[in-house]
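Chemist: One structure, pasted below without further comment.
The values are calculated or read from the model by the stated rules, or taken from the named source; none is laboratory data. What you see is a predicted model; the values in this text were computed from it and never measured. FYI the Cβ positions are ideal-geometry reconstructions off the backbone, even for glycines, and counts take in every protein chain you see.
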2 protein chains.
Amino acid sequence: MDITSHTHHISQQYNIELDDIRKHLSEMGGMAQRQVNDAIIALVDADITKAEQVVRADKTVNSMEVSIDEECIRILARRQPAASDLRLVIAVTKAITDLERIGDEASKIARQAIAMSSEGLAPRGYVEVRHIGGLVSRMLQDSLDAFARLDIEMAENVVQMDRTVDLEYGTAMRELVTFMMEDPRSITRVLNIMWSLRALERIGDHARNLAQYVIYLVKGEDVRHTDLDK
Amino acid sequence: MDITSHTHHISQQYNIELDDIRKHLSEMGGMAQRQVNDAIIALVDADITKAEQVVRADKTVNSMEVSIDEECIRILARRQPAASDLRLVIAVTKAITDLERIGDEASKIARQAIAMSSEGLAPRGYVEVRHIGGLVSRMLQDSLDAFARLDIEMAENVVQMDRTVDLEYGTAMRELVTFMMEDPRSITRVLNIMWSLRALERIGDHARNLAQYVIYLVKGEDVRHTDLDK
């Protein structure tokens, strides 16, 4: 099954349309990823300008979702795609929902950064934000690359990475609770870090979803909710 | 535009297929809603048996998502639906993703209930869980009803309710932070309540998404990310 060759249709226009949704998905993914990276920097460096930039960029990501969705629906209505083309279009409509929500989570982190700047800096907890943020950003990058290249091995690796992120998230949360108990004055600040970590963990979940669409696209089977080891 | 009359196709089988995905969506919605209500009861009454039931039920919701998704893809591939039928199928594929995530959030609340039972009860915070839980459960009910009846007014009302939930969530969080600061020994318990409230708030977001698909389905336009007042 050669799924990378979407350029073999007789209709040249149809080929262009299919290439376009992949290209636009990739652009939207790049935008969402920039938002995530900038949100992490905004939080760790207390960079308000960057944080406000992330919040503003969310509108662009949202409008990209709407326009790619319309492109997909147009293709479904006019071209009546079959087999791997149909799976591609469906996978793209799903992927853009996850990318849009990644943008939402990045905005939440940016808003935490803005909220925290008014309360001074909390050195504790940033190590975790940096670390988990780095992992999640890498997952997102890899899942987008896996989508672009239809690289199933890379996609499966992202699914694995999500488990690591979930474990590290749990550990970080326990440490932060201990820290709050030792120093109750830090509660508000530590809570902000916890919300940010939770947003990062959710971004990891969305990146895992993206990777699973790649597996679905290539293998033609639904791998959500099934055990990867099987 | 008569969108409720999906039973006007020459192919009797096609009519049945379209009715089926709506029926199955409604069943999956009912299941997700039961999970949410049971999770709230499990938390408020520290009912471990119910909590474990909710966690187990998540598998059923997950497998419903996969099977309805397959039905939708089959219809897209074989029937090549147009206009309102196409919008219906697309709306259903999106709605099931939200329902599946509602199930995930309900499971999280149930897991908090299990975790909390080992730490004794925290009377503070349950008022908020009960109150916000009630609102969110109502939103979910209404959005599912709106989907079944294609009732746009009801759908718009759900979108409005989501703003109320967001506001009440913010108020509850601030109160809980104050409470933690007054009594640092309560931190772990109050955090568990906070996670549960956050899960409820996200369930509200998903219910709002469902309502927006109804508006999209009936009006044929994308209302996500646009101001409702416009």
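Chemist: Farther than 26 Å from B:Met31 by Cβ and surrounded by 19 or more Cβ atoms within 10 Å (Cβ to Cβ): does that describe B:Met194?
Modeler: yes
Chemist: Is it the case that some residue within the stretch A:153-164 is assigned to a helix (DSSP H, G or I), of a type in the set (Ser, Thr, Tyr), out of contact with any Ser or Thr (no Cβ under 9 Å at 6 or more places or on another chain) and under 20 Å from A:Glu100 (Cβ atoms)?
Modeler: no
Chemist: Within the stretch B:187-222, which residues are of a type in the set (Lys, Arg), in contact (Cβ under 8 Å) with a residue 40 or more places away in the chain and closer than 14 Å to A:Arg198 by Cβ?
Modeler: Hit for the stretch B:187-222 is B:Arg202, nothing else.
Chemist: Considering only the stretch A:120-129, I want to know if a residue exists there that is under 20 Å from the mean Cα position of the chain (by Cα) and either surrounded by fewer than 17 Cβ atoms within 10 Å (Cβ to Cβ) or under 27 Å from A:Glu27 (Cα atoms) (or both).
Modeler: Yes, the stretch A:120-129 contains a residue that is under 20 Å from the mean Cα position of the chain (by Cα) and either surrounded by fewer than 17 Cβ atoms within 10 Å (Cβ to Cβ) or under 27 Å from A:Glu27 (Cα atoms) (or both).
Chemist: Does any residue of the stretch A:179-190 turn out to be surrounded by 21 or more Cβ atoms within 10 Å (Cβ to Cβ) and either polar (S, T, N, Q) or under 17 Å from the mean Cα position of the chain (by Cα) (or both)?
Modeler: Scanning the stretch A:179-190, I find no residue that is surrounded by 21 or more Cβ atoms within 10 Å (Cβ to Cβ) and either polar (S, T, N, Q) or under 17 Å from the mean Cα position of the chain (by Cα) (or both), so the answer is no.
Chemist: May I pose another question? Check the stretch A:140-149 and report whether any residue there is under 15 Å from the mean Cα position of the chain (by Cα) and closer than 19 Å to A:Ile41 by Cβ.
Modeler: Within the stretch A:140-149, one or more residues are under 15 Å from the mean Cα position of the chain (by Cα) and closer than 19 Å to A:Ile41 by Cβ.
Chemist: Please verify whether the stretch B:16-35 includes one or more residues that are acidic (Asp, Glu), farther than 30 Å from B:Leu76 by Cα, modelled with pLDDT under 95 and surrounded by fewer than 18 Cβ atoms within 10 Å (Cβ to Cβ).
Modeler: Among the residues of the stretch B:16-35, not one is acidic (Asp, Glu), farther than 30 Å from B:Leu76 by Cα, modelled with pLDDT under 95 and surrounded by fewer than 18 Cβ atoms within 10 Å (Cβ to Cβ), which makes the answer no.
Chemist: What residue, among those in the stretch B:59-70 that are buried (at least 18 other Cβ atoms within 10 Å of the Cβ) and more than 9 Å from chain A (Cβ to nearest Cβ), is farthest from B:Leu197 (Cα to Cα)?
Modeler: Ranking the candidates gives B:Ile68 first.
Chemist: Hey, another quick one. Can you confirm whether the stretch B:151-159 contains a residue that is of a type outside the set (A, V, I, L, M), more than 14 Å from chain A (Cβ to nearest Cβ) and in contact (Cβ under 8 Å) with a residue 60 or more places away in the chain?
Modeler: yes
Residues checked against (1) surrounded by fewer than 21 Cβ atoms within 10 Å (Cβ to Cβ); (2) more than 25 Å from A:Thr178 (Cβ to Cβ):
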residue: B:Phe147; (1), (2): no, yes
residue: B:Asp151; (1), (2): yes, yes
residue: B:Gly170; (1), (2): yes, yes
residue: B:Arg198; (1), (2): yes, no
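Chemist: Out of the residues in the stretch B:160-177 that are within 13 Å of another protein chain (Cβ to nearest Cβ) and closer than 16 Å to B:Arg138 by Cα, which is farthest from the chain's Cα centre (by Cα)?
Modeler: Per the stated criteria, the residue is B:Tyr169.
Chemist: Take A:Ala91 and decide whether it is more than 9 Å from chain B (Cβ to nearest Cβ) and touching a Phe, Trp or Tyr at 6+ places or on another chain (Cβ under 6 Å).
Modeler: Yes: the conditions hold for A:Ala91.
Chemist: Among the numbered criteria (1) within 21 Å of the chain's Cα centre (by Cα); (2) away from every other protein chain (no Cβ under 14 Å), which single criterion is violated by B:Ser117?
Modeler: For B:Ser117, the exception is condition (1).
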